[in-house]
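Take a look at the structure below.
The values are calculated or read from the model by the stated rules, or taken from the named source; none is laboratory data. These numbers come from a predicted model, not from an experiment. Every residue, glycine as well, gets a Cβ built from its backbone with ideal geometry; the counts of neighbours run over all protein chains shown.
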């Protein structure tokens, strides 16, 4: 194991992930991608980038500081970005639905890690608080390295609950089935 940790610039990460530099900076500012500030620039540790993408970080040959022994070919991967809006729910119902979805995700994550189950992490159970206005309350779950991230936002002015789901196609589909079953039971 090397004693020197590899760091990437925001530009290198953008190139690796095929994203715009501003998108990567936004991830850093939001705290979704851990980074260290060096002067006026950010540096992202290879371990943090790997946890963020759930794949090993490999710089393209043009940006690499040292020649690579063999080119690494990344397998094709598809992800889903899904927004689900549930209208006509009060704050109590929104809390109940969001907590159930978040507990489902925490339970899945704990099972994958061999942990104690959904009750092991308090971050899954949350209330939206008593704020007013759009986005007054939100919660999220998605452990680093997880291939599924779920954000929930309740808008009390519109009595609407919105989920933003990002991740693997199969994991997203499974979560949508759970959500559909929950909403179907409310009708």
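Points to keep in mind about this one:
- Residue 104 vs. criteria surrounded by 15 or more Cβ atoms within 10 Å (Cβ to Cβ) and either at pLDDT below 75 or touching a helix residue (DSSP H, G or I) at 6+ places or on another chain (Cβ under 7 Å) (or both): yes
- Entry remark, segment 1-41: residues being part of a strand (DSSP E or B) and touching a strand residue (DSSP E or B) at 6+ places or on another chain (Cβ under 7 Å) number 5 in total.
- Boolean, residue 89 is assigned to a loop (DSSP other than H, G, I, E, B), at pLDDT 60 or above and crowded, with 18+ Cβ neighbours inside 10 Å: yes
- Number of positions in segment 150-172 that are more than 10 Å from residue 83 (Cα to Cα), under 16 Å from the mean Cα position of the chain (by Cα) and at pLDDT 90 or above: 1
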